[in-house]
Amino acid sequence: MTEEFAEKAGRDDDAFALRRERVREVLLAINRGDTAGLGRLLDELHPADVADLMEQVGDKTRHLLLRFWGRDIDGEILSELDEGVRAEVIELLPDEVLSEAVLDLESDDIVDLVEDLGKEQKDILLDALPASERVAVEKALSYPESSAGRLMQREVVRAPEHWTVGEAIDYVREDAEQLPEQFYHVILVDPKMRPTGYVTLGKLMSMPRARSLREVSEHSFRTVPVELDEAEVAYLFNQYHLISVPVVDAEERLVGVITIDDAMAVLDEEHEEDILLLAGVAEDSSLSDSALETTKLRLPWLGVNLLTAILASMVIALFEDVIGQVVALAVLMPIVASMGGNAGTQSLTVAVRAIATKDLTGSNVWRVVGRELVVGLLNGAAFAVVMGIVALIWFGSGQIGLVIGLAMIVNMAVAALAGILVPVMLEKLGVDPALASGTFVTTVTDVVGFFAFLGLASMVLL
């Protein structure tokens, strides 16, 4: 089984994916119980690649890997793991290994690990931390989930705003061992520890030593409150092309900093969440979930879709006499519904993405609605001509071609409107547009499509 996975794993056309040969070597080492060889192979991999490998293998193979190599795992690998797999891995690691693994992590990564643990494991990790670091992590955990306070790291390089470039350089060099692993700015603070600006490392290294830090500070300087939602933080980074942002408390005092890597991780999570929700899949779904877990996560929305399908079927039932007399209608009905559904999905996807990026606002919503309506009408007209000709050739009836053509125009116009208006209205009501829009839009396109097609047929053909 392990060898079969090794044969399938990896893709030659993915330049930065795990190489197939390396995956095969790792899995064969696990299969043989070659602890030394396994350690050598995994030590050569980047922590992100080790995490990918652990996510891709099955539960039994992952358990074997941890049995042979788990004592050498480090915190960076744990921080790269998918949350579901991470929880399983942490459960299998000895307490002393887990404690050792987190010691070299930045405070924001420790918070990310600790916040999903049970109380017993959380206490073990916190007890392993130095007193000052434990206080910092506990303080971060006191902030609301998905807030800037949870996302920030406490390790900050700051300097008094009246210092010169030379003083700042000397300070950084003297305190090199205490510096964060990654930082991009020296943050300027006033006597009350309130951030007033920041200087990039590039400016710090290139300016004369006598220059004031205030003179070389960046115009992009912004701060974020500690309780700001992390999605808003990610938007701020993306919108204004920021590298790092100081985080302040209620008194505007500096309490931490958020760096671009963490902001982009949030942005990726938001995109992934929207994609999953649009498909009616739970946001915590993972490839590592078991078949039973996956079934439980998907079942509710499939049930909702079943109810909406029954509603569409009830509309069809209203016209069963028409369908009975003109069998061609039963053949053509799925085409009308399918085209409307696809048109609605296109409009919906654009709308949900625009809402998430704040491109769709109250100032431009009606212009976008008008554009989508025109697009729906034009597409509907184009395919109405096509289907009219198809129906004429297929069934030898110009009336059937007229009916499906008109129904196509109506349904695709309504689908385009529903795709933009439904997520906008849900967003106004405080409901995540990605969560429920798909079901509503599909229901609208099916019901309107069937009603328009069969209603027009009953008027024209009978």
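Residues whose amide H comes within less than 5 Å of that of Ser147, counting only those at least five positions distant or on another chain, are Glu230 (H built at 1.01 Å from N in the peptide plane). A simple charge model with +1 on the Cβ of Lys and Arg, -1 on the Cβ of Asp and Glu and nothing else charged puts the dipole of the range 101-243 at about 800 debye relative to its Cα centre.
Of Ser397, Ser217, the sequence from fewest to most neighbouring Cβ atoms within 10 angstrom is Ser397, Ser217. Residues whose amide H falls under 5 Å from that of Gly256, counting only those 5 or more places apart or on a different chain, are Val247, with hydrogens built in the peptide plane. Residues whose amide H falls under 5 Å from that of Tyr198, counting only those 5 or more places apart or on a different chain, are Leu188, Glu218, with hydrogens built in the peptide plane.
To the nearest 10 degrees, how steeply does helix 433-460 sit against the main Cα axis of the chain, on a 0 to 90 scale? That works out to roughly 10 degrees. Counting only lysines at least 8 places from Lys192 when in the same chain, those with an alpha carbon closer than 30 Å to its own are Lys139, Lys203. Taking the helices alone, the chain has a mean residue ellipticity at 222 nm of -21000 deg cm²/dmol, built from -39,500 (n - 2.57) per DSSP H run of at least 4 residues and averaged over all its residues. Between Met314 and Glu91, the C-beta separation translates, for a Förster distance of 60 Å, into a calculated FRET efficiency of about 0.80.
Loop-located chymotrypsin sites (Phe, Trp or Tyr not before Pro) across the range 80-186 with a Cβ neighbour count of 14 or fewer within 10 Å are lacking, with loop assigned by DSSP. At a Förster radius of 45 Å, what calculated FRET efficiency corresponds to the Cβ-Cβ distance of Val365 and His46, to the nearest 0.05? Once the sixth-power term is evaluated, E becomes 0.50.
Scaling against 2.2 N^0.38 Å puts the C-alpha radius of gyration of the range 188-253 at 1.23. Site pair Gln239 and Ile124 shows an inter-label distance of 4.3 nm when each label is modelled 7 Å from Cα along Cα→Cβ.
With one equal scatterer per alpha carbon and no solvent term, the Debye-computed log10 I(q)/I(0) for the range 2-145 at 0.17, 0.20, 0.22 1/Å reads -0.92, -1.16, -1.34. Angle, helix 83-92 long axis vs. longest principal axis of the chain, Cα atoms, 0 to 90°, nearest 10? Tilt relative to the chain: about 50 degrees.
Excluding the site residues themselves, the longest part of the chain lacking any GluC sites (Glu not before Pro) in a DSSP loop with at most 16 other Cβ atoms within 10 Å is 284-462.
Computed from backbone phi with θ = phi - 60° and the Karplus coefficients 6.51, -1.76 and 1.60, the 3J(HN,Hα) list for the range 194-201 is 9, x, 10, x, 8, 10, 6, 5 Hz; x is used for glycine and proline. Relative to the dominant Cα principal axis of the chain, helix 230-240 is inclined by about 90°. Across the chain, the mean sequence separation of Cα contacts (distance under 8 Å, 6 or more residues apart), normalised by length, yields a relative contact order of 10 percent.
Here the label points at Thr295 and Asp321, each 7 Å from Cα along the C-beta direction, are separated by 4.5 nm in the simple model.
Three principal axis extents describe the C-alpha atoms of the chain; from largest down they are 91, 62, 40 Å. In terms of Cα atoms, the Rg and Dmax of the range 63-133 work out to 11.2, 36 Å. With a cut-off of 18 Å on the backbone N, the residues of the range 79-93 near the modelled label site 7 Å out from Arg67 along Cα-Cβ are 88-93.
Placing dummy labels 7 Å off each Cα toward the beta-carbon, the span from Asp261 to Asp170 is 3.2 nm. Taking the three principal axes of the alpha carbon atoms in the range 291-460, the coordinate ranges are 50, 43, 26 Å, sorted in descending order. The trypsin sites (Lys or Arg not before Pro) of the range 57-157 include none that meets both conditions, a loop assignment by DSSP and at most 13 other Cβ atoms within 10 Å of the site Cβ.
In order along the range 121-135, the Karplus-derived 3J(HN,Hα) couplings, from 6.51 cos²θ - 1.76 cosθ + 1.60 at θ = phi - 60°, round to 5, 4, 5, 4, 5, 5, 5, 7, 7, x, 3, 5, 6, 4, 4 Hz, and Gly and Pro are given as x.
Any lysines with Cα under 25 Å of the Lys358 Cα? List them, leaving off those in the same chain fewer than 8 positions away. Counting by Cα, and skipping residues close in sequence, Lys358 has these lysines nearby: Lys428.
Taken together, the values in this text are just the output of simple stated rules run on the coordinates, not laboratory data. Values in this document were obtained by computation on a predicted structure and should not be read as measured data. Neighbour counts run over all protein chains shown; Cβ positions are idealised from the backbone, glycine included.
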